[in-house]
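K.L.:
To start, I am sharing the structure in question, which I have written as structure tokens.
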Amino acid sequence: MAHYSDLSISTRAQLQLLDNVANQDIEMRIAATDTIYIVADTNILLDHIRILKSLVEDIAFVRVPITIICPGIVLHELDCQKNDTGLGRRARNATDWMLREVTRKDLPQPIVKGQAQRETCRQSKNWKTKDRSEAWSNNDDLIIDCCKYFESKAATVLYTCDKNLCLRCDQEGLRFISPPSPNQYTSLDLVKCIQGILPEYGAYLNKIVQNYSRVVRNNSKQDEGMTVDDDIVVQVPQATLVHQQVIDRFVPLLRGLVQQIGDAEIENVQKSSNSASRYAPKWQQNNKPVEEWEVGECLEFLQHKKRTVFTNPDPPLERFLRHPYSRNGALSGAEWAASAWRAAVASLRQIGETWKDETMLEHVELLDQYVKFEYQ
């Protein structure tokens, strides 16, 4: 049996190897135009590694260009925690898994990689070396730096449970996902959340969703009703599943309504050579296709067209229709109070009635029936 000190030495050697692998041949790694980087924080590797493992296997099966990045400072934090009574086992487990992943031979290139020293925005070209102008920095600063570097290469999302770090991302204009406890969501929920944040990558992210559904169907047919996939044993609250369906249904309906009534006007505004004032409505300040508009932009445009003052619910409809944890204040269906569900029904009904959108009103009625039954 290995002694405790042997485990410490082994873990340190593993972390050094991870660092060495990260710094090899970084010049040869050129991100594809459709790459997505997911930067994993320490708390994810310690407490949500089951979800992360499942996500990596999903990515490996369908071969989509998603890479999990482990910041250098996260490796350092795991090294510091390897002898901790409460966290040591989880830190070693995370290190073991990462080492296996970065050295996998069954893939064209590993899905998990560490941050190389030169993969930084610092002028020193080494994330470990402070710039002269830096008076002080902490671990969060280094994670933000890592996110900024990879964001300069391709779409990047930080995956963290640290609320303060989420606030920093919000201030810096970086994307992030702040998940609930690991027994309240699955890798499928994580992928759908990424779809909500990066709708332009929906086509190949949907490959993971479709494969996940195939795995669920196959596992449900195992003998004696036993399931094999680790994610399937997690019971996701019905309200969370319904909320996801609400987002998947009503966001496209809102975008479709905008497209139907304002296609020509939007095209003219976007073709205008004059840049919009910073005080102009949000929908006039972007050149995105309507299919990528956020709910707030859709609502603003609809209000502009009809000069109608929509109900201002609490929470705002645009927040309720965000994918869980994709931004501050975005919750899962189970976390929204009954009043939030009722407010969403009222707002969506007002939009449907204002524009006489029969399809939307039909779906509103179905949602209303669910809310009345569930929150009576």
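The values are calculated or read from the model by the stated rules, or taken from the named source; none is laboratory data. Just so you know, these numbers come straight off a predicted model, no measurement behind them. In this analysis, Cβ positions are derived from the backbone assuming ideal geometry, glycine residues included, and neighbour counts consider all displayed protein chains.
K.L.:
Looking at (1) in a helix (DSSP H, G or I); (2) free of Cβ contacts under 8 Å to residues at least 60 places away in the same chain; (3) under 21 Å from the mean Cα position of the chain (by Cα), which is the only condition ILE68 fails?
P.N.:
(1)
K.L.:
A further question on this structure: When the residues of the range 46-69 are narrowed to those that are in contact with a Leu (Cβ under 7 Å, 6 or more places away or on another chain) and either more than 21 Å from ASN206 (Cα to Cα) or surrounded by fewer than 19 Cβ atoms within 10 Å (Cβ to Cβ) (or both), which ends up modelled with the lowest pLDDT?
P.N.:
For the range 46-69, the residue satisfying everything is ALA60.
K.L.:
For residues in the range 166-187 being in a helix (DSSP H, G or I) and in contact with a strand residue (DSSP E or B) (Cβ under 7 Å, 6 or more places away or on another chain), which is nearest to ASN328 (Cα to Cα)? Let's see the steps before the verdict.
P.N.:
Step one: filter the range 166-187 for residues in a helix (DSSP H, G or I), giving 166-172, 182-184, 187.
Of the ones still in play, those that are also in contact with a strand residue (DSSP E or B) (Cβ under 7 Å, 6 or more places away or on another chain) are 166, 169.
Details: CYS166: 8, CYS169: 10 Å.
Per the stated criteria, the residue is CYS166.
K.L.:
For the structure I just gave you, tell me whether SER152 is small (Gly, Ala, Ser) and closer than 23 Å to ASP79 by Cα. Step through it out loud before you land on a result.
P.N.:
On the way: small (Gly, Ala, Ser): yes; closer than 23 Å to ASP79 by Cα: no.
Answer is no for this residue.
K.L.:
Here are the criteria: (1) in a helix (DSSP H, G or I); (2) closer than 16 Å to THR67 by Cα; (3) in contact (Cβ under 8 Å) with a residue 60 or more places away in the chain. Tell me which single one LYS153 does not satisfy.
P.N.:
The number of the failed condition is (1).
K.L.:
OK, next. Does at least one position in the range 125-143 carry a residue that is buried (at least 20 other Cβ atoms within 10 Å of the Cβ) and closer than 20 Å to HIS48 by Cβ?
P.N.:
yes
K.L.:
Could you identify the single residue in LYS148, LYS113 that is touching a residue at least 24 places away in the same chain (Cβ under 8 Å), buried (at least 19 other Cβ atoms within 10 Å of the Cβ) and assigned by TED's automatic domain parsing to the domain that holds VAL191?
P.N.:
Numbers: LYS148 fails: buried (at least 19 other Cβ atoms within 10 Å of the Cβ).
Step by step, each of LYS148, LYS113 is checked, and only LYS113 is touching a residue at least 24 places away in the same chain (Cβ under 8 Å), buried (at least 19 other Cβ atoms within 10 Å of the Cβ) and assigned by TED's automatic domain parsing to the domain that holds VAL191.
K.L.:
For the range 82-103, what are the residues that are in contact (Cβ under 8 Å) with a residue 12 or more places away in the chain and in a loop (DSSP other than H, G, I, E, B)?
P.N.:
Residues satisfying the conditions are LYS82, ASN83, LEU87, THR103.
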